[in-house]
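Take a look at the structure below.
The values are calculated or read from the model by the stated rules, or taken from the named source; none is laboratory data. Here the structure is a predicted model, which is why all the values come from computation and not from measurement. Neighbour counts are summed over all protein chains in view; Cβ atoms, including those assigned to glycine, are modelled from backbone coordinates with ideal geometry. Side chains included, ligands, DNA and RNA excluded: accessible areas come from the protein's heavy atoms. Shrake-Rupley method; radii C 1.70, N 1.55, O 1.52, S 1.80 Å.
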Amino acid sequence: MVKFSIEKKTLLGRLGKIESWGPVEVNHHTPSCMTYLRAGHIPHLTWDVAENQLKLEQTPIYQMTLPSLVTNAKIIEKFGKGAAKFCGMPGKNAIHLTPFDPLGKLPGGYNDSKSIAVWTANGKVSLDVKTWRSIVNSFGCSSFESLVDYDTPKDAGQKKLVKAVDRTKTFHEQLFLQDEKVSGERVVALGGGFSKYHRRKCAVDVGLAENTAAYTVEFHEFTEGKETDEKEMKELLEETFSPLPPTKLRCISGPFNPKTVLFLVQQGIDFFDSTFPIKLAEEGHAFCLADDYPTSSKYEVVDFNNQKFADDFTTPFEGCACYTCTKYTKGYLQHLLNTRELLASILLVIHNMTEYDRMFKLIRKSLENSEGL
Amino acid sequence: MKYDILARAGFARRGNLHLPHSIVETPVFMPVGTQGTMKGVVPEQLVAMDCRILLCNTYHLGHRPGHERVKAAGGLHKMMNWDRSILTDSGGFQMVSLSKLMTVDENGVNFESPHTGEMMALPPEKSIEIQQALGADIMMQLDHVIHVLTTGDIVKEAMHRSIRWLDRCKVAHTRDDQAMFPILQGGLNLELRKECAEEMAKRAKVGIAIGGLSGGEEKDHFWRVVAACCAALPPHLPRYVMGVGFPVDLVICSLLGADMFDCVYPTRTARFGTAMVRRGGLMQLNQKRYKEDFLPIDDKCECNTCKNYSRAYLHSIVGKETVGCHLVSVHNIKHQLDLMRDVRQAIQSNSVELFLKQFIHDYYGPIQSEEPSKQDSLKIREVPQWVRDAVNHMGYKLDF
């Protein structure tokens, strides 16, 4: 099971602790984030580099994303030792399997009554319940998500919303048919798009099932770069969670900046993913929280593609103790980006991951110091 | 800075080259980090493989970020977080291969800037000035590079000019914590090579390079030039054969008496998903045959990639994720370093013939496989004639 307990509730959010994730003891404090994986790796880092140069505060819970691996599903099944081992992951880890890549594209119009579309570098793969169940079993991760029809854009009509919520319900029922074995902790995905009514309906339809280990809210229309409205997000989350038991872990996936994270924590979200730092790194950007974060929600994004750093051989971020900031300089990062060298992404991923991790530590600290409810 | 010979076997030498940043065990392969980084491999990974020296390209660094910037960064070692030895080339070779409008006169090399399009001059003094700003342990003289297949008087002229430029480089060379290697020229003409070796050996202090090879000449010419240069050079100078990196070339040249090598091949080929293997030479991981192959690239290899990843996984990500490129690069660099370690051991333990036979047997044999295809098992070990000739020249025998 996912052993999760809420330790404190405040006006700014809730503090919790994940003792174990499936069979793996983690003692992971929340708010926090899963470590995003693509092709079974933190993007751009071999496991050797990740283990030796990236120092995170807590025992990680990894987010294994399917699209980069889906065309190899049969091979992983044949391999027989699970997806993590296939991807060279060291040790025994807590790993959550999600059918989506939060940094991948998710165009509308491709889901149908039997399957949802996931997108790989070579195009669309239709994922039906039977296939998903077999992938879940052969990948052997500690947990997995139920399938959700995510195709509910802002302009979705009533008919589309009804269909999406119905499909999500059907997928959920089919996935957990009594006679079928599906191994791992169940993280139930909650959809409903921009409609309060359908958010609540979906939560009631699938969220009250037994053996639910945690929830994940389908929120890809609200991630970094999209136009969002905090009031709307707040209402949708309220509708989603109000019919559900308050003690279960609440996850959300996709890139969210430090300001949005603070807002979502306040709405009761416990667990994010680390796609924001990866997204920035892949754009040649690094970020740094304001000194008074999270009192202020400010952060700075630095674009090392900018030539103005070419002659600046000072540390990228004063006070940051990560591998990148202790061993390299702004000017070198600029040089690596300017010459399109692979090391640029490696170093930026390490810094950004470190800073995002520190952000959650600061958020937890501020919740500890806040008045309990 | 000094070079000690610890053991000899035939023409081959096992030595230690003491440089300001590390003791380099020779014969040695130097991986190439062209732009001041090793293609997605972090320096700590190179240290873990016991890599002690790498090469960076002056031409590239001189343009981006620029030698003054490298100097401002505290030198190349500091800029790239590498506290072991570095060798920089002179920039001349890349000008010849990368600049379309390159000309050479007595003053130096004239080339078109790849960024501004302006014609720029690189006299020998400027090459040394740039290399001193970069601060590598070993600098190379600017030489007059001509294509290896050029014939006629120009070969001799280029050789003599390279000697004159060596003298100018020596005058310009002021830092005493950097060595400078002369570069032997003379094309495929063994007489010119000998003359050049005599003149340059007089002027060399720490080591010397054999240049102008690996440019598409026949292998039969290649090894004979290396053999002749090694024979003509005095023993106290380590001999660096520039641009050599194919495993069989490394082994043959080491046994002919060469000591240092460099090549971009291991990292360049990794980007295209090709792994280097002792058994069978090259493994193109993007081929269908590896799709469900759960063996590591090489089950005898101790690199991190071989200890943790299968061919099937690598097949699935090469060309898709940068990690695929990093993993194959790590393996390929380790392959080269291990090969040279084995060459050194063979020289030290006086078991060169045994090593050589096994190496050639494996290299021209099939790729290791759980289900060898008929085609593979029927593959005859076709050892090229030039390898056989070189082996005979060394006085060893292949019994296959």
Selection from region B:151-192 of residues out of contact with any helix residue (DSSP H, G or I) (no Cβ under 8 Å at 6 or more places or on another chain), outside any helix (DSSP H, G or I) and open to solvent by 10 Å² or more (accessible area, probe 1.4 Å) yields B:Thr151, B:Gly152, B:Asp176, B:Asp177
ask   = Out of all the residues in region A:134-149, is one or more farther than 20 Å from A:Met64 by Cβ, out of contact with any Lys or Arg (no Cβ under 6 Å at 6 or more places or on another chain) and either touching a residue at least 60 places away in the same chain (Cβ under 8 Å) or of a type in the set (Ser, Thr, Tyr) (or both)?
value = no
Quick count over region A:306-319, residues being more than 7 Å from every other protein chain (Cβ to nearest Cβ) and either surrounded by fewer than 18 Cβ atoms within 10 Å (Cβ to Cβ) or over 27 Å from the mean Cα position of the chain (by Cα) (or both), is 9
Selection over region B:306-327 where residues are among the β-branched types (Val, Ile, Thr) and surrounded by 24 or more Cβ atoms within 10 Å (Cβ to Cβ) yields a count of 2
From the option list A:Glu355, A:Glu341, A:Glu300, single residue qualifying as of a type outside the set (S, T, N, Q) and without any contact (Cβ under 8 Å) to a residue 12 or more places away in the chain is A:Glu341
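Matching residues to (1) modelled with pLDDT under 95; (2) more than 20 Å from A:Pro43 (Cα to Cα); (3) facing chain A (nearest Cβ under 9 Å):
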| residue | (1), (2), (3) |
| --- | --- |
| B:Leu285 | no, yes, no |
| B:Lys291 | no, yes, yes |
| B:Phe294 | no, yes, yes |
| B:Lys300 | no, yes, no |
| B:Asn304 | no, no, yes |
| B:Asn308 | no, no, yes |
| B:Tyr313 | no, no, yes |
| B:Ser316 | no, no, yes |
| B:Thr322 | no, no, yes |
A:Glu239 meets each of (1) among the acidic types (Asp, Glu); (2) buried (at least 18 other Cβ atoms within 10 Å of the Cβ); (3) under 19 Å from A:Gln63 (Cα atoms) with one exception, condition (3)
Restricting attention to region B:207-222, the residues that are assigned to a helix (DSSP H, G or I) and open to solvent by less than 10 Å² (accessible area, probe 1.4 Å) number exactly 1
A:Glu368 vs (1) open to solvent by 10 Å² or more (accessible area, probe 1.4 Å); (2) within 9 Å of chain B (Cβ to nearest Cβ): all pass except (2)
**Study point:** Boolean, A:Val148 is away from chain B (no Cβ under 14 Å) and not in a loop (DSSP other than H, G, I, E, B)
**Key:** no
Does region B:142-149 contain any residue that is charged (D, E, K, R) and either open to solvent by 70 Å² or more (accessible area, probe 1.4 Å) or part of a helix (DSSP H, G or I) (or both)? no
Scanning region A:323-342 residue by residue, those facing chain B (nearest Cβ under 7 Å), open to solvent by 10 Å² or more (accessible area, probe 1.4 Å) and among the aliphatic types (A, V, I, L, M) turn out to be A:Leu342
B:Leu101 vs (1) among the hydrophobic types (A, V, I, L, M, F, W, C); (2) within 22 Å of B:Tyr240 (Cβ to Cβ); (3) open to solvent by 20 Å² or more (accessible area, probe 1.4 Å): all pass except (2)
Restricting region A:17-33 to residues that are within 27 Å of A:Cys325 (Cβ to Cβ) and open to solvent by 10 Å² or more (accessible area, probe 1.4 Å), the one farthest from the other protein chains (Cβ to nearest Cβ) turns out to be A:His29
>> So, B:Gly75, is that one open to solvent by less than 20 Å² (accessible area, probe 1.4 Å) and under 19 Å from B:Val328 (Cβ atoms) or not?
In response: no
*asked:* Here is a check on your reading of the model: is A:Ser274 more than 11 Å from chain B (Cβ to nearest Cβ) and either more than 19 Å from the chain's Cα centre (by Cα) or β-branched (Val, Ile, Thr) (or both)?
replied: no
Given the conditions (1) within 14 Å of chain B (Cβ to nearest Cβ); (2) within 25 Å of A:Glu224 (Cα to Cα); (3) open to solvent by less than 40 Å² (accessible area, probe 1.4 Å); (4) touching a Ser or Thr at 6+ places or on another chain (Cβ under 6 Å), every one holds for A:Ser68 apart from (4)
